[in-house]
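The values are calculated or read from the model by the stated rules, or taken from the named source; none is laboratory data. The structure displayed is predicted, hence computed values, not measured ones. Backbone-built Cβ (ideal geometry, glycine too); neighbour counts: all protein chains shown. Heavy atoms of the whole protein, side chains included, go into the accessibility calculation; ligands, DNA and RNA do not. Shrake-Rupley method; radii C 1.70, N 1.55, O 1.52, S 1.80 Å.
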Amino acid sequence: MTFVFGGGPSAARDLLAAIAGSLISVTGLIFSLTVVAFQLGSSQYSPRLLQTFATDRVVQLTLAQLTATFVYALTVLRTVRTEGATETETAFVPRLSITVAYALTLGSVLAVVLFLGHLARALRVETMLRDVHEEAGATLDRELPDDLGRPGPVRLLSGPGMPIESTSSGFVVDLDEERLVSAVADADVVVLLAARIGDSVVTGTPLAHAWARDGVRVPDTAALQEALGRSVRLDFERSPARDVAYSLRKVVDITVRALSPGINDPTTAVHALSHASALLGDLVRRPLGPDCHADDEGVVRVVVPQWTPGDLVDLVLEEPLHYSSGQPAVLRRIAALLREVAWRAPRGVVDDALRDRLRHVVDLAAESTRITAPERRSWEEALDSALTGVWPAHRPG
């Protein structure tokens with residue numbers, strides 16, 4: 001065949017050695033570029049973005065392609081034999097395998113070119129914000145689907161409940177609801193977790209509280225502690241898999257870092273606030289409230305706390321407002337964010353929190369910028385209109 005390698009043992013060894021030597025050098029270069037990208041993303045935007053970048057499929061596939069081609073070339077090189085001194089030792093050239101190694105090398109060159117282009121795009125803050133936004137959307141669709149009914153009020157039994165201490169420290173990243181409900185049902189108690197998914201837990205502090213359903217018995221705290229240890233997974237860092245607020249936290253970090261005196265990039269802050277507005281609007285229009293899990297008989301056994309709309313508004317705006325003094329573009333974007341969230345949120349869910357934050361924005365604008373009083377009043381009027389379901393058309397001229 002025309003495309004199959006046709007050289008002898010010496011040519012085969014030279015080709016495979018060149019492939020292996022060049023690929024290990026290029027792989028080292030790719031690792032170095034990846035580490036530089038990690039450093040830039042961490043220092044310029046947020047250390048939490050490293051988690052998103054490290055799971056990038058293009059980075060993983062490129063490194064896998066280069067490493068696999070290098071290992072394959074070395075393996076084939078071992079099988080090439082030259083003609084020996086004895087009559088029984090004959091030359092052997094695995095022509096098809098060498099041809100495959102050559103094709104893999106061409107694919108590796110293409111992968112490196114695509115990786116460099118991808119890396120240049122990935123280091124742009126717009127790309128990072130897009131990736132975080134998509135990550136958040138996937139989490140919301142899994143954890144808070146639109147068709148999930150809004151939870152009713154949770155009625156716990158009287159009394160403060162028996163605290164169940166955590167046996168380890170970390171962030172709550174996952175919960176095996178079925179296992180925990182089964183264990184709690186066997187103990188005939190109701191358990192309320194003290195931490196949301198994504199919250200930090202410290203060893204020896206209450207991870208949950210338990211109530212005996214008859215209101216008389218004292219719950220077996222040792223058995224419940226063991227059940228919680230098996231069912232609640234803690235880790236050294238937060239994970240976007242089930243944490244509905246983690247991606248929003250990343251966007252806020254980018255906003256705050258952009259407003260820091262060392263970077264002073266209000267344009268990036270405005271862009272990040274646009275993503276924060278979209279994510280916050282997606283969250284507040286979904287069924288937020290305690291997540292109740294019942295046993296086979298329909299008795300609520302486990303209650304998992306959830307973010308409230310007011311808490312989410314505080315998460316998005318508390319720190320940016322602290323650093324936005326003297327930034328008119330940022331203050332205008334925050335006022336617009338509040339209006340957008342007011343329009344998307346169900347009536348009465350988050351009205352007071354939005355009005356309170358807008359008063360803070362108006363005061364900051366009056367104290368630290370030259371934004372006029374009529375414009376500040378227009379922010380208040382726009383928010384009041386959005387809260388009542390009215391968004392007046394902007395007429396040019």
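Structural remarks
- The amide H of GLU165, built 1.01 Å from its N in the peptide plane, has LEU207 as neighbours under 5 Å, considering only residues 5 or more places off or on other chains.
- Couplings for the range 168-174, taken from phi via the Karplus curve 6.51 cos²θ - 1.76 cosθ + 1.60 with θ = phi - 60°, read 8, 10, x, 9, 6, 10, 7 Hz in order; Gly and Pro are left as x.
- Long-range HN-HN contacts of VAL302 with modeled amide H, under 5 Å: VAL191, HIS293
- Heavy-atom accessible area ranking, 1.4 Å probe, most first, across SER166, SER200: SER200, SER166
- Accessible solvent surface per residue of the chain, calculated while the other protein chains remain in place, 1.4 angstrom probe, Å²: 51 Å²
- Sorting ILE197, ILE164 on solvent-accessible area from highest to lowest, probe radius 1.4 Å, gives ILE197, ILE164.
- Taking Rg and Dmax of the Cα atoms in Å as calculated from this structure, the corresponding entry among [x] 29.3, 100; [y] 20.2, 63; [z] 30.6, 110 is [x].
- ³J(HN,Hα) computed for each position of the range 291-303 - Karplus, 6.51 cos²θ - 1.76 cosθ + 1.60, integer Hz, glycine/proline x: 8, 9, 10, 10, 7, 5, 8, x, 8, 5, 10, 10, 10
- Calculated from backbone phi, Karplus (6.51, -1.76, 1.60) coupling profile of the range 14-30 in Hz, x at Gly/Pro: 4, 5, 5, 5, 5, 4, 5, x, 6, 5, 5, 5, 5, 4, x, 5, 5
- Neighbours of PHE236, meaning other residues whose beta-carbon lies under 15 angstrom from its beta-carbon, give a summed charge of -2 when Lys and Arg score +1 and Asp and Glu score -1.
- Amide hydrogen neighbours beyond the local backbone of LEU175, cut-off 5 Å, H modeled: ARG233
- Dipole check for the chain: with +1 at the C-beta of Lys and Arg, -1 at the C-beta of Asp and Glu, and the Cα centre as origin, the magnitude is about 1260 Debye.
- Here VAL35 sits with roughly 70 square angstrom of accessible surface, probe radius 1.4 Å.
- Apportionment of accessible area to carbon and sulfur, the chain, percent (1.4 Å): 56 percent
- Measuring only protein heavy atoms, the 1.4 Å probe finds LEU77 accessible over about 40 Å².
- The figure for SER274 is an accessible area of roughly 40 square angstrom, using a 1.4 Å probe on the protein chains alone.
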